[in-house]
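Engineer: If you scroll down you'll find the structure; I have some questions about it.
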Amino acid sequence: MPETPSADPSPDASSLTTAAHLDDAAAAQLREAQLDQLQYLVDEVEALKAVIGKVPEALQRDKPMGTELSLRELYGVLAQADEETHVPLVERMMATDTPTITPTNDEARAAEADWNDTPMRTILAEVQRARTALVETLHALPATDWTRTVSLSGTTRDVYGLAHVIIQRDADLLRTAGYRLHESHLTDRDEDLPK
């Protein structure tokens, strides 16, 4: 099982690394907000399921400029990271004092799997299953365990900080996916969706 989390999107210095400065009430609010944001991916994918059949197969598999991830790969690495990295990493953080982790980039992660040969509906179901498992794992942690840490790319992060990295990564990948989806005809109209 890989021990590396998804690539850290190199957040600026103001990004959350730990919540050590928060009082109990603020920390509880932050936990709930982060769990809601992580759960959002499940809801977003559910909405996408309703229209994915209108996205041409070529657009799902194409790699713009030949180097970026395809749409299938973008969603595939989301599932892959949650299942193979994020959940095991949280478990490792609970068992080990500040494990040291080196990130794996999404291109390397995608090269490990044949996402372009997997139907998009199967990939979306995998995203939902893997993300639900991550949310459930985090939800089950006692509040005190959220302060346990990992050294991620030389930055010490607690569980709040790790959740923050995952949420930022979700936003980046979903933004990219959104741009790609706007290139397709998702309605029955002759013209493309407004940009």
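Engineer: Where residues in region 25-55 are in a helix (DSSP H, G or I) and of a type in the set (Gly, Ala, Ser), which of them is farthest from residue 145 (Cα to Cα)?
Structural biologist: Filtering first and then ranking leaves 53.
Engineer: Can you confirm whether residue 111 is more than 12 Å from the chain's Cα centre (by Cα), among the aliphatic types (A, V, I, L, M) and within 26 Å of residue 68 (Cα to Cα)?
Structural biologist: yes
Engineer: Sticking with this structure for a sec: With the requirement that a residue be among the acidic types (Asp, Glu) and modelled with pLDDT of 90 or more, what does region 63-76 give you?
Structural biologist: 73
Engineer: Could you tell me whether residue 131 is farther than 30 Å from residue 26 by Cβ, in contact with a helix residue (DSSP H, G or I) (Cβ under 9 Å, 6 or more places away or on another chain) and not polar (S, T, N, Q)?
Structural biologist: Against the criterion (farther than 30 Å from residue 26 by Cβ, in contact with a helix residue (DSSP H, G or I) (Cβ under 9 Å, 6 or more places away or on another chain) and not polar (S, T, N, Q)), residue 131 does not qualify.
Engineer: Further question: So which residues in region 133-166 are part of a helix (DSSP H, G or I), within 15 Å of residue 34 (Cβ to Cβ) and not hydrophobic (A, V, I, L, M, F, W, C)?
Structural biologist: Correct list: 136, 137, 139, 145, 147, 160, 161, 164.
Engineer: Give me the residue from region 48-62 that is of a type in the set (Lys, Arg) and touching a helix residue (DSSP H, G or I) at 6+ places or on another chain (Cβ under 6 Å) and, out of that set, modelled with the highest pLDDT.
Structural biologist: Step by step, filter region 48-62, then rank; the result is 49.
Engineer: Same structure again: Of the residues in region 90-114, how many are modelled with pLDDT of 95 or more, touching a helix residue (DSSP H, G or I) at 6+ places or on another chain (Cβ under 8 Å) and either buried (at least 19 other Cβ atoms within 10 Å of the Cβ) or of a type outside the set (Asp, Glu) (or both)?
Structural biologist: Matching residues across region 90-114 total 3.
Engineer: Let me ask something else. Surrounded by fewer than 18 Cβ atoms within 10 Å (Cβ to Cβ) and modelled with pLDDT of 95 or more: is that true of residue 140 in this structure?
Structural biologist: Answer is yes for this residue.
The values are calculated or read from the model by the stated rules, or taken from the named source; none is laboratory data. Because the structure is predicted, anything quoted here is derived from the model rather than measured. Glycine also receives a Cβ, built like all others from the backbone with ideal geometry; neighbour counts cover every protein chain displayed.
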